[in-house]
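Written out below as structure tokens is the structure these notes cover.
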Amino acid sequence: MRERWGRRVRVRLAFVAPTGAASERAADVVPALPEVLPELRRALALAQSARLRLLLVGYCGIPPCLLAPFEHVSESAYRGRVDVPDDHVKFEACRACVYDAGCPGLWRGYVDAHGDPGVRAVTRAPARVRAVSWLTRRVI
Ligand code: SF4
């Protein structure tokens, strides 16, 4: 990415969605987030060092609370109020989270298959999220 396009393109990432045929076998075909997140954080650190312009989409992404210290790559960290779709779930912790309004939570199919991956309220957005939110809101 860096060699071919550098910062000329914006990369948007999604997580595996338990929809369609995958919804019936979500436990088999959708990886558990606690297994994925350490490797994902390493990849995000690499992307950051390469200065890639990268964003995890809100609806099909991963909630910001699970991405720390990379909350700033989640679209949900910058959105205004969104409705929680029927195929997503929120948690008790979400009520105290600074991202509650803009975060759709997790896929219901994922939670049915794997349970709560460690959702926890974020009580203060990191400085980086606060600093760039006005700019990101213009482009997502
Ligand atoms: S605690 Fe809830 S609202 Fe906050 S980021 Fe996590 S899933 Fe989203």
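FYI, it's all coordinate maths here, none of it is from the lab. Only a predicted model underlies this, so the values are computations on that prediction, with no experimental measurement involved. For neighbour counting, all protein chains shown are included, and Cβ atoms are generated from backbone atoms with ideal geometry for every residue, glycine included.
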Exercise for review: Round to the nearest 10 and give me the degree value, 0 to 90, for the angle of helix 127-139's Cα axis relative to the longest principal axis of the chain.
Suggested key: 90
Review point. Roughly how many nanometres apart are two label points built 7 Å out from the Cα toward the Cβ at ALA50 and ARG2?
Key: 0.7
Exercise for review: Report the one residue of VAL9, ALA125, LEU40 whose Cα lies farthest in the direction of the positive end of the charge dipole of the chain (charges on C-beta: Lys and Arg +1, Asp and Glu -1; origin at the Cα centre).
Suggested key: VAL9
Practice item. State which stretch of the chain is the longest one without any exposed trypsin sites (Lys or Arg not before Pro), exposure meaning a DSSP loop state and at most 13 other Cβ atoms within 10 Å. Key: 5-50
Revision key, fill the gap. Exposure proxy check on TRP107, TRP5: fewest-to-most Cβ neighbours within 10 Å is TRP5, TRP107
Point to revise | Separation of alpha-carbon centers, region 29-78 and region 100-133, rounded to whole Å | key: 11
Check your understanding: Can you pull the three principal axis extents for the Cα set of the chain, in Å, largest first?
Key -> 39, 33, 23
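Using helices alone, what [θ] at 222 nm do you get for the chain, with -39,500 (n - 2.57) per DSSP H run of 4 or more residues, divided over all residues and rounded to the nearest 500?
Details: 4 runs with 41 residues, N = 140.
My calculation for the chain gives -8500 deg cm²/dmol from helical runs alone.
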